[in-house]
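Chemist: After the structure tokens below, expect a handful of questions from me.
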Amino acid sequence: MKSTLRNIFHSPRFMVGFIIFMVMVLTVLIYPYFITRDPLVSLGKGFLEPGTYFSIYDANNASTYRMELPEATMNRLETSLPLADRQLILDFLKAKGADLSDLDTSNDKVGELIEAWTANYDEADVKASKYEGFTTQAKRRALARLNTKLSSSASSDVMTITRGDGEEATTSSISDTDYARVDQVANAITLPLGTDNFGRDTLTELVKATGVSLIIGLIAGSIATLLGLLVGLLAGYIGGIVDDILMFIANIFTVIPGFVLLILIYYSVGQESRGVVTCAVVIGLTSWVWTARSVRSQVISLRNRDHVNLSKLSGHSLFRIVTTDILPYIASYVVMAFILQVSSGILAEAQLSLLGLGPKTTDVPTLGLMMNWAKLFGAYTSSNAWWAYFPVILVIALTSFSLNLMNTGLDQVFNPTLRD
Amino acid sequence: MKIDEKTNQAPVDNRESVTFGTDRNKDFSKEPLCLSGKDVTRIFQTGKTTTTAVDHVNFEFHKGELISIVGESGSGKTTLSKMLLGLLEPSSGEIFYRGEPRDISTGAKKRQYWKGIQAIFQDPFSSYNVFHKIDNVLLDCINMRGGRNLSKDEKFAMMTEACSFVNLKFAELTNKYPFELSGGQMQRLMIARIFLLKPEILLADEPTSMIDACSRATILDMLLNLRNETGMTVIFITHDIGLAYYISDSIYIMEHGKFVESGKAEEVILNPKAPYTKRLISDVPKIHEPWDLSTVG
Ligand SMILES: Nc1ncnc2c1ncn2[C@@H]1O[C@H](COP(=O)(O)OP(=O)(O)OP(=O)(O)O)[C@@H](O)[C@H]1O
Ligand SMILES: [Mg+2]
């Protein structure tokens with residue numbers, strides 16, 4: 001027993017799977033202590049990209065610090081030079097016959113654009129040039145203005161803010177060298193995974209959803225495994241008519257694909273009464289068949305072993321024989337089946353929710369519901385909000401991957417012939 | 001008949017009291033019937049192939065008799081013993097217990113039947129629950145004989161005694177798991193059970209196949225003593241016709257699932273009729289010479 005445990009924890013596959021899984025479980029457990037807000041509370045409107053958001057209003061009230069960053073002007077231009085100005089520069093350079101091959105109006109080309117401008121702009125030259133029609137004068141002025149704007153890096157700009165109105169209005173001014181520290185801004189929030197279509201913090205929602213989906217997997221997996229184990233043990237050990245009846249029921253479940261059954265039961269329950277637990281129970285009740293079948297075949301090969309015969313001759317009861325002479329021999333197998341059932345339970349919930357047949361949407365998020373919302377609100381297509389669905393897919397994949405890895409690790413330990 | 005003096009390893013003190021064949025001439029056919037069978041047949045069906053492991057065998061085992069069933073590998077001996085034990089249903093034919101048709105149709109009746117019958121299975125490796133310490137095997141036997149309330153020391157003494165009959169030191173084995181024992185030790189422990197249980201009927205399926213010749217003689221001695229003491233019926237399964245002749249009252253020769261010859265041990269061995277029996281006997285080189293147990297088996 002002890003050596004088996006040691007072997008399990010020395011199996012690299014099991015350990016990798018186990019560590020990934022435990023990291024997820026621990027995250028789910030610890031995260032709520034740091035971020036205490038309700039995962040379903042709406043923070044904003046629509047998909048917001050991942051990043052740190054702070055209130056501009058509050059930033060005005062925060063202490064100011066004077067800073068003169070060397071790249072400040074360029075950074076400002078990169079984010080704020082109007083498209084029309086960029087086009088103007090391009091046109092000007094074109095007329096000058098400069099090489100435009102790798103210039104365009106995108107943000108990260110602004111630097112090069114301005115460099116080319118400074119290299120080519122010559123005030124005297126512009127004054128001498130003749131521009132078509134009566135706009136020549138206007139054009140000359142526009143170019144001169146643009147040049148001033150672009151070369152004004154040294155000169156500072158001041159913005160005046162008025163608060164209140166009428167008599168009580170007060171004004172304050174902000175210079176372009178004024179800075180505030182983000183953590184001193186009264187309202188700032190970092191959203192590592194942005195927000196979903198309802199403006200809910202995707203990361204907090206995802207952590208909660210992972211926890212709920214794991215619970216669904218555990219409940220569904222436990223039900224499927226216990227039911228499968230019970231049916232398999234009875235059918236396999238008792239045999240005869242009991243076996244026939246139980247296998248008939250199992251066959252019915254096989255003939256009608258579990259998923260169709262799931263959808264039918266689910267649909268008839270109605271969304272309002274479909275809580276997370278109902279969802280898990282229904283998934284468990286439709287997926288016990290393969291566990292039952294494989295337990296049964298293992299029991300059949302065990303029930304004629306001599307240690308079982310010896311137990312019978314020793315007058316042990318059926319219950320005792322099944323629990324002490326059969327169950328321990330298939331325990332490792334049952335553990336492996338359980339892990340797979342948990343994994344497929346999580347996947348089943350995701351599939352159902354994606355079809356709009358998941359648990360009711362007002363209580364808690366699940367991985368499947370998050371996928372469903374992302375789909376419904378066009379995160380894949382129109383909004384291109386990768387942060388609303390990609391992390392969810394990643395978590396589903398990781399859960400399934402880690403559980404399957406643990407399973408193969410166990411398989412190698414329990415069935416050493418598979419060891420390479 | 002005496003054990004050969006040449007076997008001088010590990011002298012056994014009770015050698016002179018060996019009682020093999022003391023009652024060789026006792027006529028067991030006058031004793032009441034213990035187990036008998038009529039046209040007992042067992043067919044195995046695996047996929048498309050059918051194997052008739054036991055084919056219409058008839059037998060009468062009397063109370064207190066020591067019967068040997070001899071046959072080569074695959075002749076159906078184990079299958080027959082499983083049917084006698086009630087662990088396998090005959091495909092056809094009937095088994096009688098104490099002259100009455102045996103009724104083990106329900107779980108309770110089965111358990112009742114198993115109270116009087118015990119077995120030593122052929123394969124000691126699969127006879128143990130690998131998850132339990134070997135002490136459990138012996139404790140079960142004490143419990144079965146109503147010793148559940150005995151003190152720990154009394155139980156320990158009983159187990160030690162039973163183990164001593166089979167040349168095992170219980171103190172060295174206690175708290176061990178089956179995989180820590182050798183095949184021979186496992187087999188001897190299975191025999192030790194019988195000393196605790198003292199059953200009415202014993203089915204021993206090649207019980208000494210893994211035990212060294214020297215210990216084997218002693219253990220068989222002990223077993224036969226027990227049988228003389230308690231009047232236990234012993235059905236001894238072996239492929240070794242020499243050993244069968246040496247210990248049995250009657251012998252059944254089994255070939256391809258059928259009994260080709262049966263009768264009192266002397267008649268069968270000294271006057272074999274079936275060609276198969278003759279062949280079996282001719283395969284044992286020293287059958288007419290004084291017994292040397294170190295070559296038996
Ligand atoms: N459970 C089973 N299913 C199918 N065939 C079986 C089964 N058990 C035994 N047989 C077949 O029945 C025949 C008799 O087997 P059995 O075990 O009774 O032989 P045996 O006389 O005990 O041989 P050995 O001396 O090797 O133990 C063999 O051909 C075997 O293949
Ligand atoms: Mg056999």
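The values are calculated or read from the model by the stated rules, or taken from the named source; none is laboratory data. Because the structure is a prediction, the values reported are computed rather than measured. In this analysis, Cβ positions are derived from the backbone assuming ideal geometry, glycine residues included, and neighbour counts consider all displayed protein chains. Heavy atoms of the whole protein, side chains included, go into the accessibility calculation; ligands, DNA and RNA do not. Shrake-Rupley method; radii C 1.70, N 1.55, O 1.52, S 1.80 Å.
Chemist: What percent of all Cα-Cα pairs in chain A falls into each 10 Å bin, going from 0 up to the bin containing the maximum distance?
Modeler: 4, 15, 18, 17, 14, 11, 9, 7, 4, 2, 1, 0
Chemist: Next up: Please list, short to long, the whole-number percent of alpha-carbon pairs of region A:1-135 in consecutive 10 angstrom bins beginning at zero.
Modeler: 8, 19, 18, 15, 16, 11, 8, 4, 1, 0
Chemist: Along the charge dipole of chain A, Cβ charges K/R +1 and D/E -1, which of A:Ser213, A:Leu234, A:Ser63 sits furthest on the positive end?
Modeler: Comparing the listed Cα positions along the dipole, A:Leu234 ranks first.
Chemist: If the label point is 7 Å along Cα→Cβ of A:Thr4, which residues in region A:328-344 have backbone nitrogen under 20 Å from it?
Modeler: A:328-342
Chemist: Roughly how many nanometres apart are two label points built 7 Å out from the Cα toward the Cβ at B:Arg98 and A:Asn384?
Modeler: Taking the two extended label points, one gets 9.2 nm.
Chemist: Right, here's the next one. Just to check I understand the Karplus step: with θ = phi - 60° and J = 6.51 cos²θ - 1.76 cosθ + 1.60, what whole-Hz values come out for region B:234-251, glycine and proline as x?
Modeler: Per residue, the Karplus-derived 3J(HN,Hα) values read 10, 10, 10, 9, 7, 9, 9, 5, x, 4, 4, 4, 5, 10, 8, 8, 9, 10 Hz.
Chemist: Once the mean 1/r over all distinct Cα pairs of region A:265-360 is inverted, what Kirkwood radius in angstroms do you read off?
Modeler: On the way: mean 1/r = 0.0634 Å⁻¹.
Evaluated over region A:265-360, this radius sits at 15.8 Å.
Chemist: Can you give the extra length, in nm with one decimal, that the chain gains between A:Val281 and A:Asp108 once fully stretched, where that is 0.36 nm per residue apart less the Cα-Cα distance? Don't jump to the answer; show the numbers that get you there.
Modeler: Numbers: separation 173, 0.36 × 173 = 62.28 nm, distance 5.38 nm.
Additional length available on full extension: 56.9 nm.
Chemist: For the pairs B:Lys38/B:Lys273; B:Lys115/B:Lys169; A:Lys96/A:Lys139; B:Lys82/B:Lys115; B:Lys30/B:Lys264; A:Lys312/B:Lys63, note any where the Cα-Cα span goes beyond 19 Å.
Modeler: Going by Cα-Cα distance, B:Lys38/B:Lys273; B:Lys115/B:Lys169; A:Lys312/B:Lys63 fall outside the 19 Å limit.
Chemist: So how much slack lies between A:Ser297 and A:Thr36, counting 0.36 nm per residue of separation and subtracting their Cα-Cα distance, in nm?
Modeler: 89.0 nm
Chemist: Sticking with the crude label model, points 7 Å out along Cα→Cβ, report the distance from A:Ala84 to B:Glu72 in nm, one decimal please.
Modeler: Output for this residue pair reads 10.9 nm.
Chemist: With a 1.4 Å probe and all protein chains kept in place, how do B:His256, B:His239, A:His307 rank by accessible area, largest first?
Modeler: If we order B:His256, B:His239, A:His307 from most to least accessible, we get B:His256, B:His239, A:His307.
Chemist: Cut-off 10 angstrom, C-alpha nodes, Gaussian network model of chain B. Which of B:Pro90, B:Pro101, B:Pro178 fluctuates the most?
Modeler: Most flexible of the set in this elastic network: B:Pro101.
Chemist: Using a simple spin-label model with points 7 Å from Cα along the Cα→Cβ vector, what separation in nm is obtained for B:Lys109 and A:Glu68?
Modeler: 10.9 nm
Chemist: Now, a different point. Report, in whole Å, the centroid distance computed from the Cα atoms of region A:35-91 and region A:252-282.
Modeler: Here the answer is 48 Å between Cα centres.
Chemist: How would the protein assembly as shown be classified by its alpha-carbon gyration tensor: rounded, prolate or oblate, with rounded meaning a/c under 1.5 and the a/b versus b/c comparison settling the rest?
Modeler: Working: a/c = 3.74, a/b = 3.50, b/c = 1.07.
Prolate, since a/c reaches 1.5 and a/b exceeds b/c.
Chemist: Using only the Cα atoms of region A:64-179, build the gyration tensor, take square roots of its eigenvalues as a ≥ b ≥ c, and label the shape rounded, prolate or oblate: rounded if a/c is under 1.5, else prolate if a/b is larger than b/c, else oblate. Spell out each step's value before the answer.
Modeler: Working: a/c = 2.64, a/b = 1.73, b/c = 1.52.
Prolate, since a/c reaches 1.5 and a/b exceeds b/c.
Chemist: At q = 0.22 Å⁻¹, what is the log10 ratio I(q)/I(0) for region A:139-200, with the Debye formula run over Cα points and no solvent?
Modeler: Normalising to I(0) and taking log10 leaves -0.95.
Chemist: Also, quick follow-up: Give me the dipole magnitude in Debye, nearest 20, for region A:64-179 about the Cα centre, with unit charges on the beta carbon: positive for Lys and Arg, negative for Asp and Glu.
Modeler: On the way: 14 positive and 21 negative charges, 118 e Å.
Using only the charged Cβ atoms, the result is roughly 560 debye.
Chemist: In addition: Using a 1.4 angstrom probe with every protein chain in place, what is the largest-first accessible-area order of A:Leu405, B:Leu173?
Modeler: On the way: A:Leu405 30, B:Leu173 10 Å².
Ranked from most to least accessible, the order is A:Leu405, B:Leu173.
Chemist: Apply the Karplus curve 6.51 cos²θ - 1.76 cosθ + 1.60, θ = phi - 60°, to the phi angles in region B:35-48 and return the couplings in whole Hz, x for Gly and Pro.
Modeler: Each residue's phi maps through the Karplus curve to give 10, 8, x, 10, 6, 5, 9, 9, 10, 9, 10, 10, x, 8 Hz.
Chemist: Heavy atoms of the protein only, probe of 1.4 Å, neighbouring chains included. What is the accessible area of B:Arg279 in Å², nearest 10?
Modeler: In the full protein context, B:Arg279 sits at about 120 Å².
Chemist: Output the Kirkwood hydrodynamic radius of region A:242-304, Cα pairs only, in Å rounded to one decimal. If you can, show how the numbers build up before the last one.
Modeler: Working: mean 1/r = 0.0759 Å⁻¹.
Its Kirkwood hydrodynamic radius stands at 13.2 Å.
Chemist: To continue, here is another question. What does region B:95-177 give for Rg and for Dmax, in Å, if only its C-alpha atoms count?
Modeler: Reported Rg and Dmax, both Å: 15.8, 45.
Chemist: Let me ask something else. Just the accessible area per residue of region A:64-179, please: how many Å² with a 1.4 Å probe? Write down the numbers at each step before the final one.
Modeler: On the way: 8060 Å² over 116 residues.
I get 69 Å² per residue for this part.
Chemist: Using the charge dipole of region A:255-406 (Lys, Arg: +1 at Cβ; Asp, Glu: -1 at Cβ; taken about the Cα centre), state which of A:Gln351, A:Val392, A:Thr323 has its Cα farthest towards the positive end.
Modeler: My answer, from the dipole projection, is A:Thr323.
Chemist: Give me, ordered by chain and number, the residues 5 or more places off B:Lys258 or on other chains with an amide H under 5 Å from its own placed amide H.
Modeler: The list, which skips near neighbours in sequence, is B:Asp55.
Chemist: Would you mind telling me the share, in percent, of accessible area of region A:64-179 contributed by carbon and sulfur at probe 1.4 angstrom? Intermediate results must be reported in sequence, preceding the final value.
Modeler: On the way: 4150 of 8060 Å².
Carbon-and-sulfur percentage of accessible area, whole number: 51.
Chemist: How would chain B be classified by its alpha-carbon gyration tensor: rounded, prolate or oblate, with rounded meaning a/c under 1.5 and the a/b versus b/c comparison settling the rest?
Modeler: On the way: a/c = 1.57, a/b = 1.13, b/c = 1.38.
Oblate, since a/c reaches 1.5 and b/c is not below a/b.
Chemist: On to the next question. What FRET efficiency comes out for the pair A:Asn251/B:Ala157, r = Cβ-Cβ distance, R0 = 60 Å, nearest 0.05?
Modeler: On the way: r = 56 Å, r/R0 = 0.93.
So the FRET efficiency works out to roughly 0.60.
Chemist: Another question, then. Could you derive backbone 3J(HN,Hα) for region B:261-267 from the dihedral phi with the Karplus parameters 6.51, -1.76 and 1.60 (θ = phi - 60°), listing whole Hz in sequence and x where the residue is Gly or Pro?
Modeler: After applying 6.51 cos²θ - 1.76 cosθ + 1.60, I find 7, 7, x, 5, 3, 4, 4 Hz.
Chemist: Here is a further query. Taking chain A as a Gaussian network, where each spring joins two C-alpha atoms under 10 Å apart, which residue of A:Pro365, A:Pro70, A:Pro192 fluctuates the most?
Modeler: It is A:Pro70.
Chemist: Please list the non-local residues whose amide H lies under 5 Å from the amide H of A:Tyr53, H modeled 1.01 Å from N, same-chain partners needing a gap of 5 or more.
Modeler: Close amide H contacts, sequence-distant or interchain: A:Ile189, A:Thr190, A:Leu191.
Chemist: Given Cα pairs under 8 Å that are at least 6 residues apart, what percent is the relative contact order of chain A? Don't skip to the end; give the middle numbers.
Modeler: Values: 525 pairs, mean separation 106.7, N = 420.
Once divided by the residue count of chain A, the mean separation gives 25 percent.
Chemist: Using 0.36 nm per residue, how much length does the chain from A:Phe401 to A:Leu226 gain when fully extended, once their Cα-Cα distance is taken away?
Modeler: Numbers: separation 175, 0.36 × 175 = 63.00 nm, distance 2.34 nm.
Stretched out fully, the A:Phe401 to A:Leu226 stretch lengthens by 60.7 nm.
Chemist: Rounded to the nearest 100 Å², what's the accessible area chains B and A bury against each other, both chains counted, probe 1.4 Å? Could you put the intermediate results ahead of the total?
Modeler: Details: alone 14820 and 23680 Å², together 36830 Å².
Result for this pair: about 1700 Å² buried.
Chemist: With a 1.4 Å probe and every protein chain left in place, tell me how much accessible area A:His10 has, in Å² to the nearest 10.
Modeler: 140 Å²
Chemist: Heavy atoms only, 1.4 Å probe, whole protein assembly: order A:Thr135, A:Thr291, A:Thr73, A:Thr381 by accessible area, highest first. Could you put the intermediate results ahead of the total?
Modeler: Numbers: A:Thr135 70, A:Thr291 0, A:Thr73 40, A:Thr381 105 Å².
Largest to smallest exposure gives the sequence A:Thr381, A:Thr135, A:Thr73, A:Thr291.
Chemist: Okay, next question. Under 13 Å from a point 7 Å along the Cα-to-Cβ line of A:Asp176: which residues of region A:38-75 have their amide N that close?
Modeler: Once the point is set 7 Å along Cα→Cβ of A:Asp176, A:68-75 turn out to lie under 13 Å by backbone N, inside region A:38-75.
Chemist: Along the Cα-to-C-beta direction of A:Leu261, a point sits 7 Å from the Cα; which residues of region A:197-240 have their amide N less than 16 Å from that point?
Modeler: Those under the cut-off are A:220-232.
Chemist: Dimensions of region A:170-253 along principal axes (Cα, Å, largest first)?
Modeler: Here the Cα extents, ordered largest to smallest, are 92, 21, 19 Å.
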